[in-house]
Amino acid sequence: EPAVRADNVWKVYGSGAAEVTALRDVSVELARGRFTAVMGPSGSGKSTLMHCLAGLDTVTRGETRIGATRVTGLRDAELTRLRREQIGFIFQQFNLLPTLTARENILLPLAIAGRRPEPDWFDTVVGTVDLRDRLGHRPDQLSGGQQQRVACARALITRPQVVFADEPTGNLDSRSGADVLGFLSRSVREFGRTIVMVTHDPTAAAYADRVIFLADGTVVEDLAAPTTDAVL
Ligand code: ADP
Ligand code: ADP
């Protein structure tokens, strides 16, 4: 089964004269172990699609799944558990807790889920994002690029079914952005993770092995890149 799936999804905001159709009959299947970028102009529905797939927003019609779990129709408590256990999030603004160290921020999703960190996986993730000597630092002692790498490690620490990244390089200089994208694509290639990234930056999308283009709430292009290694 795919890691993420949308079937005939519609999303309508508001009603009457204020009605906005943000998604029109969108169906996509995202395979495990792939890095998918969602692109499109501002207002094309990228964030709405991501929020619907991640269970952060409800669909108006159609249904979405994370792995075998039908997200549409879940109760709030079940949705919360699904997000905690099966989904990692990376945001444009990093969203780290300012009073916690890098180590504590990375481990937070496990703490919330009441799970123990497995040392090997923690070390692997921290090593891959190159943060071993920054683990005791708080976010205000870290550069933007380092903060986003902390956020990447936090998103992967629970080995979620899928990681959603919303403009992860939007606040980074190109060098730091390349580090973050390099980490994301390594975590797909080497650790078999599944990543969905919303971006309007073609340089960022070039790291993905599939690019879905939205326009006016529909998928207008869906490109697989069989030559990912050549692109990288
Ligand atoms: P993108 O992420 O591609 O910029 P969005 O998914 O944010 O696009 O928005 C798609 C459309 O839905 C836009 O027309 C936007 O104005 C509208 N929209 C998004 N969120 C809301 C909301 N909460 N209420 C009303 N309209 C919204
Ligand atoms: P998949 O490759 O199907 O996504 P996982 O990555 O969840 O599978 O699990 C792969 C291996 O990692 C398993 O041996 C599992 O026991 C181990 N594992 C699962 N969760 C964690 C975790 N939170 N920390 C460290 N190792 C984990």
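The values are calculated or read from the model by the stated rules, or taken from the named source; none is laboratory data. Bear in mind that the values here come from a model prediction, so they are computed numbers and not experimental data. Here the Cβ positions follow ideal geometry from the backbone for every residue, glycine too, while neighbour counts run over all protein chains shown.
Just to be sure before I move on: is A102 within 16 Å of ligand 1 (Cβ to nearest atom), crowded, with 19+ Cβ neighbours inside 10 Å and either in contact (Cβ under 8 Å) with a residue 40 or more places away in the chain or polar (S, T, N, Q) (or both) in the structure I sent?
no
Just give me the residues in segment 75-94 being touching a residue at least 12 places away in the same chain (Cβ under 8 Å) and loosely packed, with under 14 Cβ neighbours inside 10 Å, in sequence order.
Across segment 75-94, the qualifying residue is only Q93.
Could you go through segment 144-151 and let me know if any residue there is under 21 Å from T194 (Cα atoms), touching a residue at least 60 places away in the same chain (Cβ under 8 Å) and crowded, with 19+ Cβ neighbours inside 10 Å.
Yes, segment 144-151 contains at least one residue that is under 21 Å from T194 (Cα atoms), touching a residue at least 60 places away in the same chain (Cβ under 8 Å) and crowded, with 19+ Cβ neighbours inside 10 Å.
Hey, could you check segment 128-137 for residues that are in a helix (DSSP H, G or I), of a type outside the set (D, E) and at pLDDT 95 or above and say which is nearest to S187 (Cα to Cα)?
For segment 128-137, the residue satisfying everything is R132.
I'm trying to understand the selection: among the residues of segment 59-88, which are more than 16 Å from F164 (Cβ to Cβ) and of a type in the set (S, T, N, Q)?
Matches in segment 59-88: T60, T72.
Please list, ordered by first then second residue, the pairs with beta carbon atoms under 9 Å, 6 or more apart or interchain, first in segment 11-26 and within 12 Å of R61 (Cα to Cα), second more than 8 Å from ligand 1 (Cβ to nearest atom) and among the small types (G, A, S).
K11/G62; L23/A6; L23/G62; D25/G62; V26/A6; V26/G62
Is it true that some residue in segment 33-53 is surrounded by fewer than 19 Cβ atoms within 10 Å (Cβ to Cβ), within 16 Å of ligand 2 (Cβ to nearest atom), modelled with pLDDT of 95 or more and closer than 28 Å to F191 by Cα?
Yes: segment 33-53 contains one or more residues that are surrounded by fewer than 19 Cβ atoms within 10 Å (Cβ to Cβ), within 16 Å of ligand 2 (Cβ to nearest atom), modelled with pLDDT of 95 or more and closer than 28 Å to F191 by Cα.
Checking the conditions here, which among P117, P139 is within 16 Å of ligand 2 (Cβ to nearest atom) and in contact with a Leu (Cβ under 7 Å, 6 or more places away or on another chain)?
Of the residues listed, the single one that is within 16 Å of ligand 2 (Cβ to nearest atom) and in contact with a Leu (Cβ under 7 Å, 6 or more places away or on another chain) is P117.
Conditions tested, residue by residue: (1) more than 8 Å from ligand 1 (Cβ to nearest atom); (2) in contact with a helix residue (DSSP H, G or I) (Cβ under 7 Å, 6 or more places away or on another chain).
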| site | (1), (2) |
| --- | --- |
| V4 | yes, yes |
| W10 | yes, no |
| Y13 | no, no |
| R24 | yes, no |
| G33 | yes, yes |
| P41 | no, no |
| S44 | no, no |
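Which one of R159, R154 is surrounded by fewer than 23 Cβ atoms within 10 Å (Cβ to Cβ) and charged (D, E, K, R)?
Of the residues listed, the single one that is surrounded by fewer than 23 Cβ atoms within 10 Å (Cβ to Cβ) and charged (D, E, K, R) is R159.
Within segment 201-224, is even one residue surrounded by 16 or more Cβ atoms within 10 Å (Cβ to Cβ), under 13 Å from the mean Cα position of the chain (by Cα), at pLDDT 95 or above and of a type outside the set (A, V, I, L, M)?
Looking through segment 201-224, none of the residues is surrounded by 16 or more Cβ atoms within 10 Å (Cβ to Cβ), under 13 Å from the mean Cα position of the chain (by Cα), at pLDDT 95 or above and of a type outside the set (A, V, I, L, M).
Please work out which one of (1) modelled with pLDDT of 95 or more; (2) away from ligand 1 (no atom under 16 Å from the Cβ); (3) within 22 Å of G177 (Cβ to Cβ) is the condition T69 fails and give its number.
The one condition T69 does not meet is (3).
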